[in-house]
Amino acid sequence: MPRQANGQYQQPANTAAVSGATISSAADNTLITDIGTELTNSLDRQGRSSMSAALPMGGNKITGMADPVASTDGATKNYTDTATALLVSKVAYQNAAQISAVAAGSSDTITAAFTPTITALSAGMTLEVRAGAANSTPTPTFQADSTTAKTIVKGAGFALVAGDIAGAGHWLSLTYDLTLDKWVLNNPANAAKFSFPVPAAFKNLSIKVATNTTVNVAADFVTTTDGVSYQTTAVSATINLGTAGVANALDAGTIAIDTWYAIWVIAQPGGTTACLASTSFTSPTLPTGYTYKARIGAVRTIHASATLFGTWQLGRRAQYVVGLTQTTSFVQLSPNGSTGTVSSANSMSAVSVSGVVPTTASEINFVLSVQTGSTIAICGPNNNFGAYNSLTNPPPFSFSSTSIAGGNVSGSLLLESSNIYFASTGASNSVFCSGWTDNI
């Protein structure tokens, strides 16, 4: 017979053994069959069969369970407690956008206590805070309850300006940006500009070699970047290439001969601005605290000693200043004199410009000098031009002297490579570099 309604097993009638009596095969088979049936109906510890009906626990616990993985798994108390806590936290964070608090702390170190308490920051969390004072620095911070204080920015990560928090009573809408790891002020008194400034954008830029090892840099403003945010600050500094490892100096090493140095404007997040010289035109080593940078030009040392050519750069255009420091004349290029052929096509000599203009130059300014009587000199950006007197493909610059020697032609060429091309029939003829335009 099956188990009773209460689940207890009861031996079938007439199957009990009687002392001294022979066991009936029918009774024994009935008992064994009944026991086998109930074993089949029992729960297999190896999990080889599934329940065929609900399992009433009678007020008892199922113990020793693992946390669920599949959606149909039973849940442990630990799992449900954790899930409930996360749900409560999520609701609290979602509701945090609807709660507000009065600011405490100071004008640039703002704190606030919320109900429910903010225990962690989540992407997009937005809080409303009534300010107690105007900010006086571009990097105020905000701390919600016991979370970590984060810098307040505006727009796409721009630094604030003094007074972006307008003062007591200004209700601040602050959204936590996980990517920036900062609080974004959604309603600054001075609206954020979302058009991204161009790194190294400038106004009234000047880079002037002052002495053998110093360079004066000035600008109404230069835009620098840390790769995410931008700052536009005024610049007035003197770089001393005789020192290194600090602001307004070389980034590393010592000043060397025949070396181009990139000139950089660097800035700290709070707006402190300085300059730097570096052999790297892409990745200078920044002094501690400086994270913003922009390359604005270049200077070079001479061959004989670790001292600077005298150059001025105004805007993007630079020029050798004859009489300043080590610049005694415009820089003569080589080869010069009688070289190449002026009377046939594709016959000019390649003249390297790497020693007279930086690799970032887009244009070279030059003087074509003809100082031998009854001679001709020609110049161009490549060697694909015709003879000096070609009617269809003449070189860009050509000069022919009379029997009286002497004559110069000045001009500029867009650089198509690290060479320009020159040909001359006179031993004293040459081409000089007078400056360049930097492609910053």
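Just a few scattered comments:
- Summary of packing: across the peptides 202-209, 54-61, the per-residue average of other C-beta atoms within 10 Å ranks them, highest first, as 202-209, 54-61.
- About its Cα centre, the dipole of the chain is roughly 780 debye, where the only charges are +1 on Lys and Arg Cβ and -1 on Asp and Glu Cβ.
- Only lysine pairs 8 or more places apart, or on different chains, with alpha-carbon atoms under 16 angstrom apart are counted in the chain, and they number 4.
- Computed from Cα atoms, the angle from the helix 77-96 axis to the main principal axis of the chain rounds to 50 degrees.
- Region 138-175 and region 207-237: distance between their alpha carbon centers, rounded to Å: 28
- Fully extended contour minus Cα-Cα distance, from Val321 to Asp44, at 0.36 nm per residue: 90.0 nm
- Report note on the peptides 389-400, 418-429, 356-367: ranked by the mean count of other C-beta atoms within 10 Å, highest first, their order is 418-429, 356-367, 389-400.
- A simple spin-label model places pseudo-atoms 7 Å from Cα toward Cβ; at Ala21 and Ile35 they are separated by 1.9 nm.
- Put a dot 7 Å past the Cα of Val409, heading toward its Cβ, do the same for Ser374, and the two dots end up 2.1 nm apart.
- Computed from phi, the 3J(HN,Hα) profile of region 114-121 under the Karplus parametrisation 6.51, -1.76, 1.60 (θ = phi - 60°) reads 10, 10, x, 5, 7, 9, 7, 8 Hz, with x in place of Gly and Pro.
- Degrees, to the nearest 10: 25-40 long Cα axis against longest axis of the chain: 30
- Taken as Cα centroids, region 384-403 and region 15-90 sit 104 Å apart, rounded to the nearest whole angstrom.
- Expressed as a whole percent, the accessible surface of the chain that belongs to carbon and sulfur atoms is 53, based on a 1.4 Å probe.
- Stretching the chain fully between Thr341 and Ser146 yields a gain of 62.2 nm (0.36 nm per residue, less the alpha carbon separation).
- Using R0 = 45 Å, the C-beta based FRET efficiency linking Gln332 and Ser206 works out to 0.95.
- Surface accessible to a 1.4 Å probe, per residue, for the residues of the chain, Å²: 51
- 3J(HN,Hα) couplings calculated from phi for region 220-230 with the Karplus curve 6.51 cos²θ - 1.76 cosθ + 1.60 (θ = phi - 60°) are, in sequence order, 4, 7, 9, 8, 10, 9, 9, x, 10, 10, 10 Hz; Gly and Pro show x.
- Taking region 23-58 and a reference point 7 angstrom along Cα→Cβ of Asn14, the backbone N atoms nearer than 13 Å belong to 24-31.
The values are calculated or read from the model by the stated rules, or taken from the named source; none is laboratory data. All values reported here derive from a predicted model rather than from experimental measurement. Note that we place each Cβ from the backbone using ideal geometry, even for glycine, and neighbour counts take in every protein chain shown. Note: accessible area is taken over every heavy atom of the protein model, side chains too, but ligands, DNA and RNA are not part of it. Shrake-Rupley method; radii C 1.70, N 1.55, O 1.52, S 1.80 Å.
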